[in-house]
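Inspection log for the structure reproduced underneath, given as structure tokens.
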């Protein structure tokens with residue numbers, strides 16, 4: 001299934017993407033059919049919500065909304081943690097500082113940075129060195145505490161696309177990454193949360209385009225630390241809760257590493273794509 005949230009910012013409703021052969025895409029309005037499912041949040045995932053959705057998809061009297069007429073927001077309502085990896089692709093390490101890490105490098109993004117997959121990215125007035133990073137992200141489906149790499153994927157509710165927009169001047173000037181990664185709108189997520197029964201995360205092509213030109217282009221198989229090892233590493237000391245987001249790093253080609261650098265500016269269009277999982281398009285303002 002492809003889970004999504006639709007509607008005005010701050011008023012999103014849970015839905016399911018329905019695309020049937022020869023028909024225009026539709027959205028199944030989950031809340032209109034199951035009034036107790038208010039949102040895709042911690043309560044939903046902890047209560048085994050995705051399993052309930054499978055029955056809704058098979059209902060004969062589905063409540064459907066034309067997909068072309070609505071805004072798509074972030075596919076989950078994250079109220080917990082956004083945990084990201086730095087330097088998790090070898091080619092990106094080479095363009096960053098050439099020091100390959102011997103363990104995952106973790107950082108977080110503020111919840112207030114979350115943005116819809118087609119909403120504008122707004123550059124703060126004093127930020128002049130901003131670029132994006134296409135990443136595969138996993139949403140946790142149940143509490144994960146000291147899980148093994150062998151069982152880690154059992155704790156994943158689904159996969160999505162995360163754009164780790166970054167103010168490079170703030171990142172380097174602060175001596176740590178949180179502020180540079182966390183400005184408002186600096187975390188577009190979605191459009192879909194794709195459940196693991198539909199697709200796996202191995203070998204997925206992920207790439208970005210700036211104004212139609214390819215910037216980044218890699219495959220998830222190139223990650224230095226694979227998703228099961230990442231989840232095991234984090235959960236060894238930090239309990240992951242339902243709805244938490246784990247983002248797995250970005251391949252080479254970011255704009256700030258190019259000569260000359262390609263920083264985001266007003267009027268740009270940035271696309272971030274993980275094949276089979278989702279395609280974002282954000283205008284820069």
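The values are calculated or read from the model by the stated rules, or taken from the named source; none is laboratory data. Owing to the predicted nature of the structure, the values given are computational and were not obtained by experimental measurement. For neighbour counting, all protein chains shown are included, and Cβ atoms are generated from backbone atoms with ideal geometry for every residue, glycine included.
Note on the stretch 126-161: residues that are under 21 Å from residue 282 (Cα atoms) and either over 17 Å from the mean Cα position of the chain (by Cα) or not assigned by TED's automatic domain parsing to the domain that holds residue 189 (or both) total 5. Of all residues in the stretch 144-189 being modelled with pLDDT under 95 and assigned to a loop (DSSP other than H, G, I, E, B), which is surrounded by the most Cβ atoms within 10 Å (Cβ to Cβ)? Here the residue is 177.
Residues that are outside any loop (DSSP other than H, G, I, E, B) and within 19 Å of residue 254 (Cα to Cα) within the stretch 125-143 comprise 130, 131, 134, 135, 136, 137, listed in sequence order.
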